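Trainee: Structure provided below as structure tokens; questions to follow.
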Amino acid sequence: MKQITKDNFKDEVMNFKGVVLADFYADWCGPCKMLSPLLDQISKSNKDEKVKYAKINVDQEQELAGMFGVMSIPTVVIFKDGKQVDLKVGVTSQQVYAQAIDDAKTVNPEEMKTNDEIIVFTIPTCPHCHMAKGYLKDKKVSFKEVDVSKDYTMAQKMVQKSGQMGVPQIWIKGQVIMGFNKEHIDMLLGL
């Protein structure tokens, strides 16, 4: 598995034409040590050149972990043609990761590009939610706000897609940003 840093992230992940399984881990993390051999087995058994396996040490790459809302480890983020298409938090079975890779292969990134709607998931008492909305308004970016304290159906969809309950969550072009991260917002919006 290839070690990824902020210096090679763009070339190795964002510009890769295919599927990247990125394991966000830490050396001291017990569950991460349990997950690592599972992912190694998958990477050794899958010789598809359009699938890349990567490791990102969250202690050394806090900026990357923040960009993708990694709040607990291990977290596996799956990308297709540079777009986040799936996220798995914690340790699960080898079959679940293998299936996620197979599912990602069938995702059409062009279809994702047509979903230009920006959704900001919030609650009224969240100061970071207010900052995120203010930032988008200052940048003259239109968005749909979903108050998850009032819309249970959308709250469930939010958790299903991201695997996280925290807010704000900002969905831009099919990708999830956890928290208020200006750099990640700017990158996805091309600002």
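The values are calculated or read from the model by the stated rules, or taken from the named source; none is laboratory data. Remember, it's a predicted structure, so these values are computed and weren't measured experimentally. Please note: Cβ atoms are built from the backbone with ideal geometry, for glycine as well, and neighbour counts cover all protein chains shown.
Trainee: Residues in the range 106-118: is at least one in contact with a helix residue (DSSP H, G or I) (Cβ under 9 Å, 6 or more places away or on another chain), at pLDDT below 90 and assigned to a strand (DSSP E or B)? Don't jump to the end; show me each part of the working.
Mentor: Within the range 106-118, the first condition is being in contact with a helix residue (DSSP H, G or I) (Cβ under 9 Å, 6 or more places away or on another chain), and the residues that meet it are 118.
This time we only want the ones that are at pLDDT below 90, so: 118.
Narrowing further to those that are assigned to a strand (DSSP E or B): 118.
Yes: the range 106-118 contains one or more residues that are in contact with a helix residue (DSSP H, G or I) (Cβ under 9 Å, 6 or more places away or on another chain), at pLDDT below 90 and assigned to a strand (DSSP E or B).
Trainee: LEU87 versus (1) in a helix (DSSP H, G or I); (2) in contact with a Phe, Trp or Tyr (Cβ under 9 Å, 6 or more places away or on another chain): which is the lone unmet condition?
Mentor: Among (1) in a helix (DSSP H, G or I); (2) in contact with a Phe, Trp or Tyr (Cβ under 9 Å, 6 or more places away or on another chain), LEU87 violates only (1).
Trainee: Could you figure out which of (1) of a type in the set (S, T, N, Q); (2) surrounded by fewer than 14 Cβ atoms within 10 Å (Cβ to Cβ); (3) outside the structural domain of LEU21 (by TED's automatic domain parsing) isn't true of GLN99?
Mentor: Only one criterion in (1) of a type in the set (S, T, N, Q); (2) surrounded by fewer than 14 Cβ atoms within 10 Å (Cβ to Cβ); (3) outside the structural domain of LEU21 (by TED's automatic domain parsing) is unmet by GLN99, namely (3).
Trainee: Now a separate question. From the list ILE170, ILE177, ILE123, exactly one residue is modelled with pLDDT of 90 or more and under 18 Å from the mean Cα position of the chain (by Cα). Which is it?
Mentor: When all the criteria are applied, what remains is ILE170.
Trainee: OK, next. Scan the range 2-21 and give yes if some residue there is more than 20 Å from ASP81 (Cβ to Cβ), part of a loop (DSSP other than H, G, I, E, B) and aliphatic (A, V, I, L, M), otherwise no.
Mentor: no
Trainee: Another question, if that's okay. When the residues of the range 22-46 are filtered to those that are within 15 Å of LYS2 (Cβ to Cβ) and of a type outside the set (Ser, Thr, Tyr), which remaining residue is surrounded by the fewest Cβ atoms within 10 Å (Cβ to Cβ)? Steps first, answer last, please.
Mentor: From the range 22-46, those within 15 Å of LYS2 (Cβ to Cβ) are 22-25, 36, 39-40, 42-44, 46; that's our starting set.
When the remaining residues are screened for being of a type outside the set (Ser, Thr, Tyr), the result is 22-24, 39-40, 42, 44, 46.
Values: ALA22: 26, ASP23: 25, PHE24: 25, LEU39: 20, ASP40: 14, ILE42: 18, LYS44: 10, ASN46: 14.
It comes out as LYS44.
Trainee: Using beta carbons and a limit of 6 Å, which pairs, at least six apart or on different chains, have the first residue in the range 155-168 and within 19 Å of LYS83 (Cα to Cα) and the second one at pLDDT 80 or above and surrounded by fewer than 16 Cβ atoms within 10 Å (Cβ to Cβ)?
Mentor: VAL159/MET165
Trainee: Being closer than 19 Å to PHE68 by Cα and not in a loop (DSSP other than H, G, I, E, B), is that true of even one residue in the range 27-34?
Mentor: yes
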